[in-house]
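This report concerns only the one structure given below.
The values are calculated or read from the model by the stated rules, or taken from the named source; none is laboratory data. These figures come from a predicted structure and were not determined experimentally. Backbone-built Cβ (ideal geometry, glycine too); neighbour counts: all protein chains shown.
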Protein chains: 2
Amino acid sequence: MNMQSRPNLKAAQDAYPTRVPGQERLSDRKDPVLWSDWSVDAPISKAEADFYAENGYLIRRDLFSPDELRMLTETADALRNGGTDFPDEDVIREPDSDAVRTVFRLDRHSRAFRRLACDSRLAGVAEFLLGDQVYLHQSRLNYKPGFAGKEFYWHSDFETWHAEDGMPRMRAVSASVLLTPNGPHNGPLLLVPGSQNLFISCVGETPEANHETSLKQQKVGVPQPETIARLADRAGIASAEGGTGTVIFFECNTLHGSNGNITPDPRANAFFVYNAMSNAVGTPFAAPAPRPAFLANREQPKAIKPVSGPLTA
Amino acid sequence: MNMQSRPNLKAAQDAYPTRVPGQERLSDRKDPVLWSDWSVDAPISKAEADFYAENGYLIRRDLFSPDELRMLTETADALRNGGTDFPDEDVIREPDSDAVRTVFRLDRHSRAFRRLACDSRLAGVAEFLLGDQVYLHQSRLNYKPGFAGKEFYWHSDFETWHAEDGMPRMRAVSASVLLTPNGPHNGPLLLVPGSQNLFISCVGETPEANHETSLKQQKVGVPQPETIARLADRAGIASAEGGTGTVIFFECNTLHGSNGNITPDPRANAFFVYNAMSNAVGTPFAAPAPRPAFLANREQPKAIKPVSGPLTA
């Protein structure tokens, strides 16, 4: 059934079949995690590169000045409260309230965040991790209110991007820039270290317009609990905590999720997905139609030219 | 309207009016937190007594031997999986699944847990904290499965026990005995230190048979978010984490709640509410009828005689 969306594609051409009938299957990753050899010219240390290759994520702290952080959080607040300025499809609200949860196409709605996306501290590191020039596959501002923040269940982003956006290979990385302090109890990003090395072919067919519900609660493309437990047994669960300005890079296939948040402390972050120029999206591998542009950039990719120097509004 | 349930009660006799119309009101606690003067004969240290008086909770570790812990966890597993042996009303299941969440009247369903409830490490400490002989107001086994454990929102137990069970004063304490390790990410008990010193008169009337839904999600008797934020601002939020066998004592009016749990690690605990013999429950202060016996012991209270020595099955 999945083949309907790619009538001329031989199974052999799909390195990562998913949304399959029958049983969930695990297969080895067919791509490097770290696509560059480390050298003294790399934008991260040898230890950081090794950590990323082994664990599928990397936390970097103290990259931004107090002035830069103030500018970013003020810009984020203005965007969150000025929702009428951008198209409806670019805003997602909490399931049980009107609170804004996500603003998509952040790089279009804000000059400051577009500049951040191109900053060498993000895009330069992404280029190194992916061993290629990069472009933005998706960008968004996430806001998880206090008291009412909902959980997000374990998933691999790549599974969705491959199935529904047509991303061919595992050559993308997300960068999450924390815009509030994120402690253990206000819904930090939880990751399963090492999970980037296995591809989980998930069971089930993609419904039409799946993204309309999957952004609030993902039901298809979700691994079995036993699989998550088995992977988490090996290396535990990592919690990506830190102060405002902390940047979490995580590989596109690393399993992640987050608990809800009953504490008064909201969580906000700016989220950028960098894809390798050589890995541009095509026809979805397992969905009737591609997701809309606010979720997956389908224009002719434009390589980011990383910019150095202080951020300004 | 609340007065209907206590037609002869003058407002002045209700030290803690709640489920009121109009606006939430905060008032000072009218009872001691710690009801005994500390002496060298006390079952806890001076520092522990001071901590409890100031923060409204106390965490005690390493009280049980490995043999005792093995016996308790095996007994808990058997109870959880042998649900057909006790009445339906004594079992609560997860909102979204059939997984057992709570077994009530634990002291009736298990000789081992009845013995635990009477152990001097629990009942002896409760006597000291309450400055009186004690009896069991409620006992239960809580089980929060991995992957699907739901959050429980902030509340004061006393608010419910006063409104719906007719507990006159703040002279009760809960003891939670952890039966699984409880880390930051599998839904540990979160507490607001110092909140025991304020009574929050909650807005709204108690619906009939409120307990039928409130055990899964409490809607009445819940403080306003701004109030929780204000109290949490003063002393932060404490997370009661620890290994199997850790005992958390928390005062009946201390605000607490817990996040959900998407991790594979379940959470289980045995939970005993000790009430002072002098504080036995009467007519509910703000509910049409008392809650059923599995939630609030309404029999002639029998004082526990604390037992020393090792636990046996």
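A few remarks follow.
- Restricting attention to the range A:135-179, the residues being away from every other protein chain (no Cβ under 14 Å) and part of a loop (DSSP other than H, G, I, E, B) number 8.
- Flag if A:ALA270 is assigned to a loop (DSSP other than H, G, I, E, B), closer than 23 Å to A:LYS144 by Cβ, more than 14 Å from chain B (Cβ to nearest Cβ) and under 15 Å from the mean Cα position of the chain (by Cα): no
- Selection status of A:VAL281, out of contact with any helix residue (DSSP H, G or I) (no Cβ under 6 Å at 6 or more places or on another chain) and either in a loop (DSSP other than H, G, I, E, B) or away from every other protein chain (no Cβ under 14 Å) (or both): no
- Members of the range B:24-48 that are of a type in the set (A, V, I, L, M), in contact (Cβ under 8 Å) with a residue 24 or more places away in the chain and not in a loop (DSSP other than H, G, I, E, B): B:LEU26
- Filtered residue count, the range A:180-200, keeping only those that are closer than 25 Å to A:ARG25 by Cβ and either assigned to a loop (DSSP other than H, G, I, E, B) or not small (Gly, Ala, Ser) (or both): 10
- All positions within the range A:201-237 that are touching a residue at least 24 places away in the same chain (Cβ under 8 Å), part of a helix (DSSP H, G or I) and polar (S, T, N, Q): A:SER214, A:THR227
- Within the range A:214-237, the set of residues being touching a Pro at 6+ places or on another chain (Cβ under 8 Å) and within 20 Å of A:GLY166 (Cα to Cα) comprises A:VAL220 only.
- For A:ILE59, the conditions (1) under 30 Å from A:VAL192 (Cα atoms); (2) assigned to a helix (DSSP H, G or I) all hold with the exception of (2).
- Check on B:ASN275, away from every other protein chain (no Cβ under 11 Å) and not in a loop (DSSP other than H, G, I, E, B): yes
- If the condition is being away from chain B (no Cβ under 14 Å), surrounded by fewer than 23 Cβ atoms within 10 Å (Cβ to Cβ), touching a helix residue (DSSP H, G or I) at 6+ places or on another chain (Cβ under 8 Å) and at pLDDT 95 or above, then the range A:181-212 contributes A:GLY194, A:LEU198.
- The single condition from (1) assigned to a helix (DSSP H, G or I); (2) in contact with a Gly (Cβ under 7 Å, 6 or more places away or on another chain) that A:ASP67 fails is (2).
- Whichever residue in the range A:240-267 is within 14 Å of chain B (Cβ to nearest Cβ) and within 12 Å of the chain's Cα centre (by Cα) and, among such residues, is farthest from A:ARG171 (Cα to Cα): A:GLY257
- For A:ARG114, the conditions (1) modelled with pLDDT of 95 or more; (2) within 30 Å of A:THR213 (Cβ to Cβ); (3) crowded, with 21+ Cβ neighbours inside 10 Å all hold with the exception of (3).
- Considering (1) buried (at least 22 other Cβ atoms within 10 Å of the Cβ); (2) in contact with a helix residue (DSSP H, G or I) (Cβ under 6 Å, 6 or more places away or on another chain), the lone condition that B:VAL307 does not fulfil carries the number (1).
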